[in-house]
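**Student:** One structure coming up, written as structure tokens, with questions to follow.
The values are calculated or read from the model by the stated rules, or taken from the named source; none is laboratory data. Values in this document were obtained by computation on a predicted structure and should not be read as measured data. Here the Cβ positions follow ideal geometry from the backbone for every residue, glycine too, while neighbour counts run over all protein chains shown. Surface accessibility is based on the protein's heavy atoms, side chains included, excluding ligands, DNA and RNA. Shrake-Rupley method; radii C 1.70, N 1.55, O 1.52, S 1.80 Å.
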Amino acid sequence: GEHLRICPQGYTCCTSEMEENFANKSRSEFEAMMKEAGRSVQTTLTAQHRSFDSYFQDLLNKSEKALYDAFPSTYGELYTQNMKVFKDLYSELRRYYRGSNINLEEALNEFWTRLLERLFKLMNPQYHITDEYLDCMVKHAEQHKPFGEVPRDLKVKATRAFIAARSYAQGFLVGSDVVKKVSQVSLSHECTRAIMKLMYCPHCRGMSTVKPCNNYCLNVVKGCLANQADLNTEWKYLMDSLIVVADRIDGPYNVDTVIGTIHMRIAEAISNLQENKDSITAKVFQGCGNPKISTKGSSSEEKKRRGKVTLEAKSSAQALEMLVLDAKGNLTALKTYWITLPGSLCSKRVMASSAADDKCWNGMTKGSYLPEVMGDGLANQINNPEVEVDITKPDMTIRQQIMQLKIMTNRLGNANIGNDVDFQDASDDMSGSGSGDSCPDDVCGKRLSKSPSTRQPETHAIPKQSGHGINGASSRSLPSAFLLLLSVAFIAAQHLWR
């Protein structure tokens, strides 16, 4: 076996070509194992996203439908002439939830302003009310509170519920996307050799039925997946943050109660305006002056507009509770995915023998495997006896995905305490800067909320290396300094040539 380049060079059943074929086969099989393991995690996360997304959209749809069903018969012209105002509100709420960069508080304020302007004109048809007069009325609206406490109360509760809901839904997609991208990272040359030696060198030694030693397999796989294991810390923080926000969604920011009753709150607000119409009108006239009398006169719809809508909320609290319980169970199970992956691959895919077996393949022959098992992550592979790993060169694709996990955890931390952050459209790659040194449960939100990110750059952010933070400006000036020196050298050479 002197011709062998990977397997032990004793007596062998393999030619050079067979060894090369086995190396290619082991590489493709191991990469397929990685993708298959990743797909199961992706499936879990996307299924959780789909379940929550479907539930949330259904809540919003039912609320809108209830409004459309009840308002026309009760409010008549008051509703039909203002249908677009209501449709625009639900449209903005959906866009916000899907990730559009919308200021939700401003959208809600705009809704109440537009509704007040329309209703004030409809309830005072005997007056000619100009746009300038409406501007004046809106300025005084805050102190008059024409809709009672509903706008303020709904703004507080709806923003918290929507921030939590969209961050929660987005978190599942980000986690799934990270797994997908990391699972596609190709193996190094050293790793390919080690995998071949683990899986197919026994064949060359005539020991095709001998299983690899478990600890031997663990060292090989830990060396090959050293960079992937470094995802563990930020991955765990993401899972923990999703669990915390799940509790908010089914607790203080209850989406079932808030989102499912938006139509009821709007009806309550309109009733407040109708009941206090005379006093509010008097206050507006006092502050903005008496508008001119209109020649059109009063509307026949006035009586109908004074009707009071009766709406019911169909609670699905039990469905939400089951949804959250299921999600928390899956998230808890996935917390240690990256550091348990080597053990899972060795036991389920490579079919390594038990740790105590002294008749397993140890990389050279059939016997026991003596070296200790390496720790997890890149830094712990410096003395890996099976895979040569350069711990000074981390995989940049994986470092970028670690940053994506930090960013999403930051957003969930803000959502946990009701703080809003700008979201790019769901189809965009998410990027920016995030903390993530330590993010246990509720502490995460409190720590991260001190400096919430409000705008993300469009390129992937790379973690700063220590000592490089202050050199940005000087490094950018290097090209111009180099050109200056080059010019001086060129002029000196010309002078010498003459």
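**Student:** When the chain is fully extended, how far beyond the present Cα-Cα distance does residue 333 get from residue 366, taking 0.36 nm per residue of separation? Intermediate results must be reported in sequence, preceding the final value.
**Tutor:** Values: separation 33, 0.36 × 33 = 11.88 nm, distance 3.58 nm.
Full extension of this stretch gives 8.3 nm more.
**Student:** With a 1.4 Å probe and all protein chains left in place, how much accessible area per residue does the range 189-264 have, in Å²? Please report the intermediate quantities before stating the final value.
**Tutor:** On the way: 2150 Å² over 76 residues.
Roughly 28 Å² per residue, with all protein chains present.
**Student:** Roll a 1.4 Å probe over the protein chains and send me the accessible area per residue for the range 80-157 in Å². Mind dumping the intermediate values first?
**Tutor:** On the way: 3940 Å² over 78 residues.
Solvent-accessible surface per residue comes out at 51 Å².
**Student:** In addition: Dividing the alpha-carbon Rg of the range 95-229 by 2.2 N^0.38 Å yields what? Can you show the working numbers first?
**Tutor:** Values: Rg = 31.9 Å, N = 135, 2.2 N^0.38 = 14.2 Å.
Relative to the 2.2 N^0.38 Å estimate, the range 95-229 comes out at 2.25.
**Student:** In addition: For the range 132-226, with all protein chains present and a 1.4 Å probe, just round the carbon and sulfur fraction of the accessible area to a whole percent. Write out the running numbers ahead of the final one.
**Tutor:** On the way: 1630 of 3500 Å².
That share works out to 47 percent.
**Student:** Give the distance, in whole Å, between the Cα centre of the range 318-373 and the Cα centre of the range 54-103.
**Tutor:** Between the Cα centres of the range 318-373 and the range 54-103 lies a distance of 48 Å.
**Student:** What spacing in nm lies between the two simple spin-label points modelled at residue 359 and residue 189, each 7 Å away from Cα in the Cβ direction?
**Tutor:** 4.0
**Student:** Which FRET efficiency value, to the nearest 0.05, is calculated for residue 209 and residue 392 with the Förster distance at 41 angstrom and r the Cβ-Cβ distance? Don't jump to the answer; show the numbers that get you there.
**Tutor:** On the way: r = 40 Å, r/R0 = 0.98.
The calculated FRET efficiency here is 0.55.
**Student:** May I pose another question? Say R0 is 30 Å: what FRET efficiency, to the nearest 0.05, do residue 47 and residue 351 get from their beta-carbon distance? Mind dumping the intermediate values first?
**Tutor:** Details: r = 28 Å, r/R0 = 0.95.
After rounding to 0.05, the efficiency reads 0.60.
**Student:** Before anything else, pin down the relative contact order of the range 69-219: Cα pairs under 8 Å, at least 6 apart, normalised by residue count, whole percent. Mind dumping the intermediate values first?
**Tutor:** Working: 48 pairs, mean separation 30.4, N = 151.
Averaging sequence separation for qualifying contacts and normalising by length gives 20 percent for the range 69-219.
**Student:** What fraction of the Cα pairs in the range 207-281, stated in percent, has a spacing above 19 angstrom?
**Tutor:** Roughly 70 percent, rounded to a whole number.
**Student:** Using a Förster distance of 56 Å, how high is the FRET efficiency between residue 340 and residue 293, based on the Cβ-Cβ distance and rounded to 0.05?
**Tutor:** On the way: r = 79 Å, r/R0 = 1.40.
Here the calculated transfer efficiency is 0.10.
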